[in-house]
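**Q** Before we start, here is the structure in question, set down as structure tokens.
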Amino acid sequence: MRKLTYFIACSIDGFIGDPGGDARMFFPFVDEEFLAFLKAEYPETVATHGRRALGIDDLENKRFDTIVQGRASYDVALEEGITTPYAHLREYVASRTLGESPDPNVEIISTDLLGRIRELKSEDGEFGIYLCGGSKLAGELTDEIDELVIKTYPVVLGSGMPMFGSGFRITEFTLDEARTFGNGVLVRTYRRKR
């Protein structure tokens with residue numbers, strides 16, 4: 001069975017963006033050391049247009065071959081005129097309001113989200129599924145998430161979009177690895193405790 005990994009950036013106080021979801025305050029922390037880590041360990045999490053700009057479009061996928069993101073996350077790319085932000089992956093967008101996909105490489109999941117995620121997880125393959133966000137989507141899929149990779153940036157936002165947009169519920173994970181960087185970023189990897 002393939003893993004669903006929620007790979008997410010957040011503040012020290014657990015917000016993935018400001019109240020509107022804007023996460024640009026994290027961009028200054030992507031320095032040379034941290035970018036080298038992403039290229040070596042998670043190259044497929046860098047959007048296609050970012051890969052091209054950095055000259056790393058030829059990097060092979062290491063962990064994921066599929067991405068699932070929410071409508072708000074996808075809209076960030078659409079606002080820039082990018083209809084397939086992760087062209088190097090199979091792309092899915094969970095949305096009840098986006099009718100037809102603006103790109104033939106992007107499949108819209110408008111009904112039975114849990115069923116579709118379970119189908120994707122049950123496929124054969126060596127690569128996992130990258131859950132890109134956002135908050136509401138992660139909240140809906142909490143029970144399906146097998147791994148968390150949390151990039152914590154050294155800022156406190158005070159309020160904003162939480163990592164999981166869901167009601168109160170305790171879900172246990174086990175810390176597998178923690179790595180620190182010179183810029184103050186901490187990357188923690190957790191495995192679902194089953």
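**Q** Sort through G125, G55 and tell me the only one that's on the phi > 0 side of the Ramachandran plot, touching a residue at least 60 places away in the same chain (Cβ under 8 Å) and exposed (fewer than 15 other Cβ atoms within 10 Å of the Cβ).
**A** Working: G55 fails: touching a residue at least 60 places away in the same chain (Cβ under 8 Å).
From the options G125, G55, the qualifying one is G125.
**Q** Still on this structure: When you scan the range 94-106, do you find a residue that is buried (at least 20 other Cβ atoms within 10 Å of the Cβ) and over 23 Å from T142 (Cβ atoms), even just one?
**A** So in the range 94-106, the residues buried (at least 20 other Cβ atoms within 10 Å of the Cβ) come out as 94, 106.
Going one step further and asking which of them are over 23 Å from T142 (Cβ atoms), we end up with 106.
There is at least one residue in the range 94-106 that is buried (at least 20 other Cβ atoms within 10 Å of the Cβ) and over 23 Å from T142 (Cβ atoms).
**Q** If the Cβ limit is 8 Å and pairs must be 6+ apart or interchain, which residue in the range 75-94 that is in contact (Cβ under 8 Å) with a residue 60 or more places away in the chain and among the polar types (S, T, N, Q) pairs with which residue that is assigned to a helix (DSSP H, G or I) and crowded, with 16+ Cβ neighbours inside 10 Å?
**A** Correct list of pairs: empty, since none qualify.
**Q** Residue under question is D176, and the condition is that it be loosely packed, with under 13 Cβ neighbours inside 10 Å, among the charged types (D, E, K, R) and closer than 30 Å to I56 by Cα; does it hold?
**A** Numbers: loosely packed, with under 13 Cβ neighbours inside 10 Å: yes; among the charged types (D, E, K, R): yes; closer than 30 Å to I56 by Cα: yes.
Criteria met by D176.
**Q** Find the residue count for the range 158-194, including only residues that are over 23 Å from G128 (Cβ atoms), under 18 Å from the mean Cα position of the chain (by Cα) and assigned to a loop (DSSP other than H, G, I, E, B). Break it down into steps so the answer makes sense when it comes.
**A** Filtering the range 158-194 down to residues over 23 Å from G128 (Cβ atoms) leaves 158-162, 167-170, 180-184.
Checking which are under 18 Å from the mean Cα position of the chain (by Cα) leaves us with 160-162.
Subset that is assigned to a loop (DSSP other than H, G, I, E, B): 160.
Residues that pass the stated criteria total 1.
**Q** Hey, could you check the range 83-100 for residues that are among the β-branched types (V, I, T) and in a loop (DSSP other than H, G, I, E, B) and say which is nearest to the chain's Cα centre (by Cα)? I'd like the intermediate steps shown before the answer.
**A** As a first pass, look at the range 83-100 and keep what is among the β-branched types (V, I, T): 83-84, 93, 97.
Next, only the ones that are in a loop (DSSP other than H, G, I, E, B) stay: 83-84, 97.
Numbers: T83: 17, T84: 15, T97: 20 Å.
In this case the residue turns out to be T84.
Values quoted throughout were computed directly from the atomic coordinates according to the rules given, and no laboratory measurement underlies them. Treat the numbers as computed from the prediction; the structure is a model and nothing was measured. Using ideal geometry, Cβ is built from the backbone for each residue, glycine included, and neighbour counts are taken over all protein chains shown.
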